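The block underneath contains the structure these notes are about, expressed in structure tokens.
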Amino acid sequence: MALLHKLCHRALSSNLRTYSVKAPLQKPPKILITGGLGQLGVECAKYLRQKYGQENVILSDIIKPSLEVANDGPYIFADILDFKGLQKIVVDHRVDWLIHFSALLSAIGEQNVPLAVRVNIEGMHNVIELAKQYKLRIFVPSTIGAFGPDSPRNPTPNITIQRPRTIYGVSKVHAELLGEYYYYKFGLDFRCLRFPGVISSDPPGGGTTDYAIAIFHDVLRKGRYQCYLKPDTRLPMMHVRDALRALSEYLEAPNEMLNRRVYNVTSMSFTPEELADKLVKHIPDFNITYMPDSRQEIADSWPQVFDDSEARRDWKWNPTIDLDNLVSLMVKEVKEKIATNGY
């Protein structure tokens, strides 16, 4: 009897070792990206398809995609307010990871608060319940907008007071807390990064930090730019390449490395004036003027410098693109976009 027990135990131990070591390596994750036609979605899909294979990353939105997006890989219609529709997608496509980008950004959200509540809060309820039901790893981006005027601004640590004064910021704090609750209550593999302003060659999408994108488009097309923030408004930023690398490395990090479910990440901080001074080296004769509007008040309540030391310590985050590199990249990429698309 003792011998039989020992043999069974050995066989079981062998099976467990085989499963725990080899099973995760057998196939790449099947990833669904919601809100895929926003600022990060298309570039994120391209980035992850290079890592995991074209068919394993499904882009989704409620908007008709361009031919280029449709040809690049799987694209489907997904309404985050339709829970049953989302369930069908997860089941039909055997989704493992969910990247939830659907959200109205800061300036746009202030113009339509009821819609922001539906998309940013009700939509979050749907995807997190979906992730719990189907045991998905879920990534939800947060933002510097999750902080408010009562938060320390220079630097802003990972854990501090958060009292945002935009519906966008409120919805992001709600997402952070809800995700952490589902992690502690249900064991959900929830992951969240607080991004600074993310800069890419795509036209601006309605965020307060988007002046750092608009300046390149306007200067290269018209030779001038009127900034809606004061020249000395300091905000944290990162190039989209660093943002996507942070997202990917964080998603792959083993759970035992993570001391938190929500981390600050950043690359640099600068002002409109400092950005313009760098841009002059590439385009000497452009003109910039300043006419602050309602977005100034939003920017004044946000972090000036982001402390991401916990991300650097826990999962070895390290940015690679500084301000000089960023300006060089943006001039090149926006020129190419204008030449290709005419905008």
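Summing +1 for each Lys or Arg and -1 for each Asp or Glu among the other residues whose beta-carbon sits under 12 angstrom from that of Pro141 gives +2. Between amide H atoms placed 1.01 Å from N, distances below 5 Å from Ile58 occur with Ile31, Leu32, Ile33, all of them 5 or more places distant or on a separate chain. The structure-derived value of Cα extents along the principal axes in Å appears in the list [x] 58, 42, 39; [y] 64, 52, 40; [z] 88, 45, 39 under the label [z].
Here r is the Cβ-Cβ distance between Arg221 and Tyr184 and R0 is 56 Å; the resulting FRET efficiency, rounded to 0.05, is 0.70. Comparing mean-square fluctuations of Leu329, Leu104, Leu247 from a GNM of the chain with C-alpha springs under 10 Å, the top value falls on Leu329.
Size descriptor for the stretch 230-343, Kirkwood hydrodynamic radius: 16.3 Å (Cα pairs only, one decimal).
How many angstrom lie between the C-alpha centres of the stretch 27-56 and the stretch 166-193? That distance is 22 Å. Listed cross-link partners Lys88/Lys172; Lys281/Lys332; Lys135/Lys316; Lys46/Lys337 are compared with a 20 Å cut-off, the Cα-Cα value being larger for Lys88/Lys172; Lys135/Lys316. Only helices enter this figure: runs of n ≥ 4 DSSP H residues, each worth -39500 (n - 2.57), summed and divided by the residues of the chain, yield -14000 deg cm²/dmol at 222 nm to the nearest 500. Between amide H atoms placed 1.01 Å from N, distances below 5 Å from Trp317 occur with Arg312, all of them 5 or more places distant or on a separate chain. Helices meeting the span-like rule in the chain (full DSSP H runs, Cα extent of at least 20 Å along the helix axis, mean Kyte-Doolittle score of -0.5 or higher): 2-22, 167-186, 323-341.
Here the scattering of the stretch 63-181 is modelled by Debye summation over its C-alpha atoms, one equal scatterer each and no solvent; at q = 0.09, 0.19, 0.20 Å⁻¹ the log10 of I(q)/I(0) is -0.30, -1.07, -1.13. For the stretch 151-191, the equivalent ellipsoid derived from the Cα gyration tensor has semi-axes of 23, 13, 7 Å, listed largest first.
Distance from the alpha carbon centroid of the stretch 283-308 to that of the stretch 137-157 works out to 17 angstrom.
Of the residues Pro254, Pro196, Pro155, which exhibits the maximal mean-square fluctuation in a Gaussian network model of the chain defined by a 10 Å Cα contact cut-off? Of Pro254, Pro196, Pro155, the most mobile in the Gaussian network model is Pro254. Per-residue surface analysis assigns His125 an accessible area of about 90 Å², computed on protein heavy atoms at 1.4 Å probe radius.
A cut-off of 5 Å between modelled amide H atoms, ignoring neighbours fewer than 5 places along the same chain, links Phe77 with no other residue.
Relative contact order of the chain: 16 percent, from C-alpha pairs under 8 Å at least 6 residues apart in sequence. Largest GNM mean-square fluctuation among Gly223, Gly36, Gly109, using the chain with Cα springs under 10 Å: Gly223.
What does DSSP give for the chain in terms of the percent of beta bridges that are antiparallel, rounded to the nearest 5? Of all bridge pairs located within the chain, approximately 10 percent are antiparallel.
The values are calculated or read from the model by the stated rules, or taken from the named source; none is laboratory data. A quick note: this is a predicted structure, and the numbers were derived from the prediction, not measured. Heads up, the Cβs are rebuilt from the backbone with ideal geometry, glycines too, and the neighbour counts pull from every protein chain shown. Please note that ligands, DNA and RNA were not included when accessible areas were found on the heavy atoms of the full protein model with its side chains. Shrake-Rupley method; radii C 1.70, N 1.55, O 1.52, S 1.80 Å.
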